[in-house]
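Working notes, structure below.
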Amino acid sequence: MNEVKRQATETMDELHQTIPYCSYCAVMDGLQEIETLRDRDEELEKLWAEFGDVPMNPETECIEAPFMGWGVGIHREEIWSWFDQRYSKGIAYLLYGGAEDYVPETKRLYGLRKRCFECESRSCQFNHDGECRFVLVHEREPQITEADGCIDYDYSEENT
Ligand code: SF4
């Protein structure tokens, strides 16, 4: 039992002398009911759809209207984390709109990720900690020739 349910149960135990027994039982039955995963996921999917209508500041990525218990200014990742901890398939499934989109997209990104390789040109903007990530952006390998080296090298001040 989580902390919220435990506190609710304790409150009901204090109130049970002051309310009709059938009311007490109705609330306690509700608190002790263990929902099926399917019921809970369906409820979370509805809440996720409602969350999609909440205005969000694109720069700060914080909500601009209250949503459930969260107030204005809460960062989206805090809310994502709440869904991630409760939804049986995780936040990625919700973000990608279900298995039909999520699985192929994950496979595609995994396939691209495997095509990254070590590169010493750390001043190139496609270099991340000594690894070429060009393929993740352009979905093709960089062109490397004997004579000129990497033709797709792109200098970045941030990487120097
Ligand atoms: S694009 Fe070329 S230079 Fe840049 S990281 Fe990849 S291989 Fe290295």
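The values are calculated or read from the model by the stated rules, or taken from the named source; none is laboratory data. Remember, it's a predicted structure, so these values are computed and weren't measured experimentally. Note that each Cβ is placed from the backbone with ideal geometry, even for glycine, and that neighbours are counted across all protein chains shown. Accessible surface is based on the protein model in full, side chains and every heavy atom, while ligands, DNA and RNA are left aside. Shrake-Rupley method; radii C 1.70, N 1.55, O 1.52, S 1.80 Å.
Computed over region 115-159, relative contact order equals 39 percent, with contacts defined as Cα pairs under 8 Å that lie 6+ residues apart. Against the main long axis of the alpha-carbon atoms of the chain, helix 37-51 sits at an angle near 70°. A cysteine counts as unpartnered when no other cysteine's C-beta lies under 4.7 Å of its own; in the chain this applies to Cys22, Cys25, Cys62, Cys116, Cys124, Cys150. Listed by chain and number, the lysines placed with their C-alpha closer than 24 angstrom to that of Lys5 are Lys46, Lys89; residues fewer than eight positions away on the same chain are left out.
Helix 21-32 sits at what angle to the longest principal axis of the chain, using alpha carbons and giving 0 to 90 degrees rounded to 10? So the helix axis and the longest Cα principal axis differ by about 20 degrees. Using the rule -39500 (n - 2.57) for each DSSP H run of four or more residues, divided by the residues of the chain, the 222 nm mean residue ellipticity is -15000 deg cm²/dmol. Split the accessible area of the chain by element, probe 1.4 Å, and carbon with sulfur accounts for 50%.
Of the peptides 29-37, 117-125, the ranking by mean beta-carbon count within 10 Å, highest at the top, reads 117-125, 29-37.
I want to verify the translational diffusion coefficient of the chain in µm²/s; compute it with Stokes-Einstein, Rh as the Kirkwood radius over Cα pairs, at 4 °C and 1.567 mPa s. Estimated diffusion coefficient is 62 µm²/s. With respect to the chain, whose longest principal axis is taken over its alpha-carbon atoms, helix 99-114 is tilted by about 30°. Taking the charge dipole of the chain about its Cα centre, with +1 at Lys and Arg Cβ atoms and -1 at Asp and Glu Cβ atoms, the residue from Gly90, Trp80, Trp70 reaching farthest to the positive side is Gly90.
Accessible surface for the chain, divided over its residues, is 73 Å² per residue with a 1.4 Å probe. Can you check what the net charge comes to around Cys124, using other residues whose Cβ is under 9 Å from the Cβ of Cys124 (Lys, Arg +1; Asp, Glu -1)? For residues surrounding Cys124, the net value is -1. Think of each Lys and Arg Cβ as +1 and each Asp and Glu Cβ as -1; about the Cα centre, that makes the dipole of the chain roughly 440 debye. Peptides 140-148, 108-116 ranked from most to least packed, by the mean per-residue count of other Cβ atoms within 10 Å: 108-116, 140-148.
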